[in-house]
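Participant: Pasting in a structure now, in structure tokens, and then I'll have a few things to ask.
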Amino acid sequence: IIFILNLFLVINFISCIKDNNSDNPTSTQLNIINSVNEFDSRIAKVVTLAFCHATWCSKCAAQRPEVEGLISDSELQSVFFCEVDYEKNGNIVSKYEVFGFPTILLIKDGQVKHTLVGSNNKKADIKQLLKSL
């Protein structure tokens with residue numbers, strides 16, 4: 001009986017881990033961009049927040065919670081939130097003249113309106129800029 005109970009606990013533990021690591025995006029995850037064509041088409045007719053980062057960048061990791069904290073904000077439902085990984089999409093970074101990491105591009109109808117560089121950008125400040133667009 002102890003063996004069966006332990007087996008049951010192990011199976012439940014494994015299923016919890018699997019659920020928490022799901023590949024399905026949630027309402028608090030950024031959309032991943034895979035090409036410059038995809039990026040340009042997605043930003044063409046909407047307000048967009050593009051989080052440009054490098055996976056090895058500690059300042060990018062520090063800025064991420066402020067950006068992701070905006071995704072579920074009901075006042076920003078019409079904003080397209082995405083991330084651009086420098087190592088996978090250097091062509092986007094070059095095209096939009098991103099020179100440092102992290103960089104947040106605030107875009108309206110395909111045109112960059114604000115560029116925020118560094119890890120000191122607060123959620124409230126970013127929200128105000130997005131609402132102004």
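Participant: Quick one: how many Å² of SER132 are accessible to a 1.4 Å probe, rounded to 10?
Facilitator: The value for SER132 is about 80 Å².
Participant: Of ASP40, ASP125, which has the most accessible area with a 1.4 Å probe, and how do the rest follow in descending order?
Facilitator: ASP125, ASP40
Participant: Which lysines have a Cα less than 23 Å from the Cα of LYS122, not counting those fewer than 8 places away in the same chain?
Facilitator: Cα-Cα hits under 23 Å: LYS59, LYS108, LYS113, LYS131.
Participant: 5 Å is the cut-off here: which amide hydrogens, built 1.01 Å from N in the peptide plane, fall below it relative to PHE81, excluding neighbours closer than 5 in sequence?
Facilitator: Amide H neighbours of PHE81, under 5 Å, 5+ apart: ASN31, LEU49.
Participant: Next question. Keeping all protein chains in place and using 1.4 angstrom, which order do THR103, THR55 fall into by accessible surface area, from largest down? Please report the intermediate quantities before stating the final value.
Facilitator: Numbers: THR103 0, THR55 95 Å².
Largest accessible area first, the list is THR55, THR103.
Participant: When ranked by the protection proxy of mean other Cβ atoms within 10 Å per residue, highest first, what sequence do the peptides 47-53, 31-37, 81-87, 69-75 form? Don't skip to the end; give the middle numbers.
Facilitator: Values: 47-53: 24.0, 31-37: 14.7, 81-87: 18.9, 69-75: 13.0.
Top of the packing list down: 47-53, 81-87, 31-37, 69-75.
Participant: Modelled label-to-label distance, TRP56 and GLN29, 7 Å Cα→beta-carbon offset: nm?
Facilitator: 2.5
Participant: Which value, in Å² rounded to 10, gives the accessible area of LYS122 with a 1.4 Å probe and all protein chains present?
Facilitator: Taking all protein chains as shown, LYS122 has close to 110 Å².
The values are calculated or read from the model by the stated rules, or taken from the named source; none is laboratory data. Treat the numbers as computed from the prediction; the structure is a model and nothing was measured. Note: ideal-geometry Cβ built from the backbone for every residue, glycine included; neighbour counts use all protein chains shown. Remember, those area values only see protein heavy atoms, side chains included, never the ligands or the DNA or RNA. Shrake-Rupley method; radii C 1.70, N 1.55, O 1.52, S 1.80 Å.
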